[in-house]
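Structure, as structure tokens:
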Amino acid sequence: MLNKGRLMGGVAVATALLFGSISSAAAFTACQVTDTGGIDDAGFNQTAWKGVQDAMEAKGIEGRFLESQAETDYEANLNSLLGGACDVIITVGFLMGDATKAAAEANPDQKFSIVDFAYDPTIPNVVGQVFATEQAAFLAGYLAAGMSETGVIGTFGGINIPPVTVFMDGFVHGAEYYNEKKGTDVTVLGWDPEDKDGLFTNNFESLDDGRTFAQNLYDEGADIVMPVAGPVGLGSAALADELGTDKLKIVGVDADQYMTDTEKQNVYLTSVLKRMDATVQAVIDSVMDDTFEGGVTVGTLENDGVGLAPFHDFEDAVPAELKSEIEEIKAGIIDGSISIGG
Amino acid sequence: MDVELRGITKRFGPVTANDDVNLTIRAGEVLGLLGENGAGKSTMMNILSGLYSPDEGQILIDGKPVDFEGPGDGIAAGIGMVHQHFMLVPVFTVAENVILGVEPTGRFDYLDLATARKQVRDINEKYGLQVDPDALIEDLPVGIQQRVEILKVLFRSAEVLILDEPTAVLTPQEVEEFFGIVKSLRDAGKAIVFITHKLHEIIEIADRINVLRGGRITGEGDPKTLTENQLAEMMVGRPVSFDVKKGPFDPKETLLEVKNLVVLRENDEIAVNHASFHVRSGEVVGIAGVQGNGQSALIEAVTGLHHVTAGSISFLGKDITNASARERHRMGMAHIPEDRHKSGMISNFTIYENMVLNTYYDDRFSNGPNIKWPEVLKTAAQYAIDFDVRTPSVYLKAGNLSGGNQQKMVVARELERETKLVIAAQPTRGLDVGSIEYIHSRLMDARDEGDGVIIVSSELDEIMSLSDRILVMFEGRIVAEFDATAGPVDKNAVGLAMAGAHE
Amino acid sequence: MTDTSNRDTLTAKLLQRAAPGRAEFEDLVIVPIFAVIVALIVGALVMLATAVDIQTIGRSYLALLQGSVGSINSLSETLTSAIPLVLAGLGLALGFRAGLFNIGAEGQIIVGGIAAVIVGFSFPGMPWIIHLPLALLAGAVAGGLYASIAGWLRAATGAHEVISTIMLNLISYRLLDYMLGLTWMQREGRSDPVSKSVVPSAELPRLLTDIDPNLRLHAGIFVMIGAVILVYWLLFKTKTGFEFRASGENPDAARYAGMRASLIIVLAMATAGALAGLAGANQVLGVLERATPGFSAGIGFDAISVALLGRSHPIGVLFAGLLFGALEAGGRQMQVDAGVSIDLIGIIQALIIVFIAAPLLVRAIFPWGFRKPAERKE
């Protein structure tokens, strides 16, 4: 009898737990699938998740996320979120483009949004969020060229894919624009916009690679480096912290890394912002008030979808003249008077 | 110091290893303990050294009961064990090995090697051990290494010395010297327990003999009045014949012809130095020699397991100098390897798998890529019956068999097929009297059926009793040949040749 | 002399297979079950230590169960994850049996996957009955050849396979990066490292899309079952398998028995590599339908655990692979339902291995589950 009683008790607890999980699923739920960088990459996965978190706070919705450990996980992770538990599924990253498309086409009633991918033609139940990152990166390139003491700056990417290389394009072109205006000869290492070729770690995970690549660029004379590789850049930041910011500064990407990488925040000259948190939150809002429509949203300097982060610790180090030039260029890009194509 | 075991019983699950054993060990006396493998000798000695505690019974030292709780307690009470397998660090000196574990230390844990060496030298002199305390173990011959083991227990103030199969690794000359040491220890008042299964040795050295069989003491007696046959009967439980039965010597054609064979070791030392000999059908050729004088390399070269540097080997009229082991095997060469654990069998394989270890590819046992396991099983059972391999089932792992049964399994596999030449290296090493008798008779059967037989053994007695012709190897060369068909060979002469005294 | 009838009874007795002992049963069944239980308990403690509340822990284990076997979708995911683990695990198990500690399954998966994907996109219009087997074969052959490099190095120069296979893994990563950067390999209109997609005639067809289009289980499961049977047959029924096992257990005895060590090493490595290559082909033809950087996803390393857990026996590997597949699929559900980190699944997997590798520890924790050691000696 005693055993039976205990068993029943166990069943009751289990049932309660089960129902607990089901009842909590009844509210509006936004789900996110990260790419292999993970939710705490201090970069775009984290920024997108911040959008979900902001919505959780503002609208009282429920948010869930699934981390992908390998590319083979994308489809599986998407699958495990299907089945009606999520009102909208947000996938993060260009590399999830195919998996998201397949899932969206197989499940036309499920609403999706993907960061960093635009479908052509568009899919009715997917919103692609893309960013004119090159605009913000252009400003960063100009700033870095103006701040460099060695006349050499550098960049490297995670994988040679458009959402990564647009940063590098803008960075290079910004520096070239500075040379053109000032008659200087600042070199950018790590990316050739013409050949579409440069330095890539070929992963979005290894902090060791981030350190090695930054070290190599530093050895070649670069004193400002922009890593475009998610958490890989944290390794570069660690190197800059050890060397000292007078030797090596880092330009952050995606989020304001001064805020997300708080341990090494002193090394960030600025960050090239890609305001995925804003666009993700906007998509969630549109689903909630039933205005969701498949297509593409583009974040620009004009609509604050992209931008340059504050200089924080370097506020005083950046000359006022350079600051005002950057403001002018920003205005010029917005009104189209400055071409960022190089 | 006197030690008495009173009513000792030790069980392992359903097996009773020692059953109400009473034994007295007296100072100044050599007690011979005789028994087959598995008779319970080791269990008893492990109880005496404190490794096992008995289920029943008592140990008394000088009349006072003691209670050993761990392996350290035996030596602390003055009972020292010299194991069959040495436990020495090869790269240490004798003195370092002796003090290992009980290092005399000065202040600040300083290792006082000078004192240690002096103590070792004192013990050396007292018992006539003649061991250089500063020699490295790896440079010493086996016989001297054994004395280091004895030094170790003496250094730990042992009054009772248990010697487990001490002569197994020694040459006849070394045995004689060793007996001298045992006698001097006895005369100095030590109590010695001499464990062996060699009858003539125990008669020679023991002052008193106890025979153990099936965990019980089955006989006790005075070596002066007991004969080998009586002891063997006590040990095995039935009359044992020591006379190897063999048919008349009638050699026929030459089967194996080895000419000017040179074999190098891996370090390019010469292992076999221009050896030439032949083996005829119906003849047993014994190769005597102290271990390490090239016999192993010679056998490996003949069986195709070792590269031949120079010279030639022909078998059944064909040159096989460069033939593979398998080719030779298929031609009818059987090889009972000197170390069954190293190469003769696979402990983790079943008995039936081991029974076809080198014949599995034969058409009898295979069909295309498949092995015909039902056929293998049936054959293995036949082999096991024919060769008296005692096992509950052929599905048993070979590692679970006793040493004697493992050897019978290997011998069965090698002899139960069409053979022309049987090469048996150490065919009875570590076996008990019953198994030895059996294996010898099967080897002689092979000879009488017209096979050539080569026997390599470190037991000179074995070579002497089986061979028609005896070759002696020393430092890679065949230094002497004795004809045993005309009459008994002078054992002393063979022993001298083994020691290199031919020139 | 024994008379005939006596001999027959003796023969019959010797041919009786000893009933599987209780000790064997304990080692093969009870220890793994307890190991899983202890691992889950310790996993719960780890969660507690990282400030996860008890309710969430309960929910996450329920999710683990649901996500692995709770629905047809879960079962499909479990099997999909298990297929490459079992295939690569079989290869490693075979190597272990032959005494070769092959760490290179990861590299063999990559090389096999590359070969399979090239064949997979190169012959549009070929009938599937030819194309699919050809793509699988390409994966197996490439994996086998790649592994036999390590085998050859071992046989010819004595270079230890642990070192050489690790190095071959590193080479394969860069080879993949390089290959995915080649224009003829890359998807049209993309400069990022993604290969062309496998054409449908070379895809391992999905089996359950009629029930639900999201079910990923594909025909690779038949490849897996076939491989289990093949490896079982090879190891235990053939001459080659006998040679593999003999060389693994006692190389000296194998040499004594006239087996050719170098040939066996190369052959065993090649077979192991072919199975790992099949696992790679399976991933690109059945799951991803193309090759991407990191498509091997560490399967080659998980497969080492699978092979060890399965005690290098094909059936054991099958069950171990299914367990790991279930943990992977269930782990995903744990993340979704309870928000527990996926890393925890890795910890639980590791704990299971630790406890299975330490049967004495498990016996000590659950003394009532086993007979007393003193009584075990038969």
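The values are calculated or read from the model by the stated rules, or taken from the named source; none is laboratory data. The structure displayed is predicted, hence computed values, not measured ones. When we count neighbours, we look across all protein chains shown, and the Cβ atoms used for this are built from the backbone with ideal geometry, even at glycine. For accessibility, only protein heavy atoms count, side chains too; no ligands or nucleic acids. Shrake-Rupley method; radii C 1.70, N 1.55, O 1.52, S 1.80 Å.
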| Out of the residues in the stretch A:155-174 that are of a type in the set (A, V, I, L, M) and outside any loop (DSSP other than H, G, I, E, B), which is nearest to the other protein chains (Cβ to nearest Cβ)? | A:Val164
| query | Any residue in the stretch B:301-322 that is closer than 17 Å to B:Val279 by Cα, within 14 Å of another protein chain (Cβ to nearest Cβ) and charged (D, E, K, R)? | reply | no
| remark: The number of residues in the stretch C:52-110 that are of a type in the set (S, T, N, Q) and not in a helix (DSSP H, G or I) is 2
| Residue count for the stretch C:255-292, restricted to those that are more than 14 Å from chain B (Cβ to nearest Cβ), not in a helix (DSSP H, G or I) and not charged (D, E, K, R) | 2
| said: Given the criterion of a type in the set (Gly, Ala, Ser) and farther than 30 Å from A:Ser339 by Cα, identify the matching residue among A:Ala132, A:Ala103. | reply: A:Ala103
| remark: Taking the stretch C:154-213 and keeping only residues that are of a type in the set (Gly, Ala, Ser) and without any contact (Cβ under 8 Å) to a residue 12 or more places away in the chain, one is left with C:Gly158, C:Ala159, C:Gly189, C:Ser191
| field | strands (runs of 3 or more DSSP E) wholly inside the stretch B:4-69 containing at least 1 residues that are free of Cβ contacts under 8 Å to residues at least 12 places away in the same chain | value | B:15-25, B:64-66
| task | Consider C:Val29 carefully, then state whether it is more than 14 Å from chain B (Cβ to nearest Cβ), farther than 28 Å from C:His218 by Cα and either touching a Gly at 6+ places or on another chain (Cβ under 6 Å) or of a type in the set (Val, Ile, Thr) (or both). | result | yes
| query | Where in the stretch A:194-281 are the helices (runs of 4 or more DSSP H), entirely inside, with at least 3 residues that are free of Cβ contacts under 8 Å to residues at least 60 places away in the same chain? | reply | A:207-219, A:232-243
| message | Every residue in the stretch C:219-254 that is hydroxyl-bearing (Ser, Thr, Tyr), within 9 Å of chain B (Cβ to nearest Cβ) and either open to solvent by less than 30 Å² (accessible area, probe 1.4 Å) or not in a helix (DSSP H, G or I) (or both), please. | response | C:Thr238
| Restricting to strands (runs of 3 or more DSSP E) lying wholly in the stretch B:280-337: which have 1 or more residues that are of a type in the set (S, T, N, Q)? | B:310-315
| Can you tell me which of B:Asn273, B:Asn348, B:Asn267 is open to solvent by 10 Å² or more (accessible area, probe 1.4 Å) and not assigned by TED's automatic domain parsing to the domain that holds B:Pro488? | B:Asn348
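The rows are residues; the columns are (1) more than 30 Å from A:Phe65 (Cα to Cα); (2) among the aliphatic types (A, V, I, L, M); (3) away from chain C (no Cβ under 14 Å); (4) more than 15 Å from the chain's Cα centre (by Cα).
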| site | (1), (2), (3), (4) |
| --- | --- |
| A:Glu105 | no, no, no, yes |
| A:Asp109 | no, no, no, yes |
| A:Thr133 | no, no, yes, no |
| A:Phe138 | yes, no, yes, yes |
| A:Ile153 | yes, yes, yes, yes |
| A:Glu176 | yes, no, yes, yes |
| request: Report the residue count in the stretch C:337-371 for those that are open to solvent by 40 Å² or more (accessible area, probe 1.4 Å) and under 17 Å from C:Ala49 (Cα atoms). | output: 4
| request: With respect to A:Asp290, determine if the residue is outside the structural domain of A:Phe44 (by TED's automatic domain parsing) and at positive phi. | output: no
| query | What residue, of B:Gly38, B:Gly72, is closer than 25 Å to B:Val3 by Cα and open to solvent by 70 Å² or more (accessible area, probe 1.4 Å)? | reply | B:Gly38
| field | Conditions (1) away from every other protein chain (no Cβ under 11 Å); (2) touching a helix residue (DSSP H, G or I) at 6+ places or on another chain (Cβ under 7 Å); (3) free of Cβ contacts under 8 Å to residues at least 60 places away in the same chain; (4) closer than 25 Å to B:Asn405 by Cα: number failed by B:Ala334 | value | (3)
| note | Going through the stretch A:178-200 in order, the residues found to be within 12 Å of chain C (Cβ to nearest Cβ) and buried (at least 24 other Cβ atoms within 10 Å of the Cβ) are A:Phe200
| task | Examine the stretch B:243-255 for a residue that is in a helix (DSSP H, G or I), surrounded by fewer than 22 Cβ atoms within 10 Å (Cβ to Cβ) and either assigned by TED's automatic domain parsing to the domain that holds B:Lys41 or of a type in the set (Gly, Ala, Ser) (or both), and state whether such a residue exists. | result | no
| Among the residues of the stretch B:101-108, is there at least one that is touching a strand residue (DSSP E or B) at 6+ places or on another chain (Cβ under 6 Å), modelled with pLDDT of 85 or more and not hydrophobic (A, V, I, L, M, F, W, C)? | no
| request: Within the stretch B:355-368, identify whether any single residue is part of a helix (DSSP H, G or I) and without any contact (Cβ under 8 Å) to a residue 60 or more places away in the chain, and answer yes or no. | output: yes
| query | Looking only at the stretch A:63-85, which residues are more than 7 Å from chain C (Cβ to nearest Cβ) and touching a residue at least 40 places away in the same chain (Cβ under 8 Å)? | reply | A:Tyr74, A:Leu78, A:Ala85
| field | Enumerated helices (runs of 4 or more DSSP H) restricted to the stretch C:293-358, each holding at least 1 residues that are at pLDDT 85 or above and within 11 Å of chain A (Cβ to nearest Cβ) | value | C:299-309, C:314-338
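Here's the yes/no breakdown for (1) hydroxyl-bearing (Ser, Thr, Tyr); (2) assigned to a helix (DSSP H, G or I):
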position: B:Val89; (1), (2): no, no
position: B:Val102; (1), (2): no, no
position: B:Glu125; (1), (2): no, yes
position: B:Gln130; (1), (2): no, no
position: B:Thr167; (1), (2): yes, no
| request: Sort out which residues of the stretch B:190-207 are open to solvent by 30 Å² or more (accessible area, probe 1.4 Å) and not in a helix (DSSP H, G or I), and write them in order of number. | output: B:Asp207
| remark: Contact list, first residue from the stretch B:390-401 and more than 10 Å from every other protein chain (Cβ to nearest Cβ) and of a type in the set (Gly, Ala, Ser), second anywhere and in a loop (DSSP other than H, G, I, E, B) and surrounded by 19 or more Cβ atoms within 10 Å (Cβ to Cβ), beta-carbon distance below 7 Å, six or more apart or interchain, is B:Ala398/B:Met345; B:Ala398/B:Ile346; B:Ala398/B:Phe349
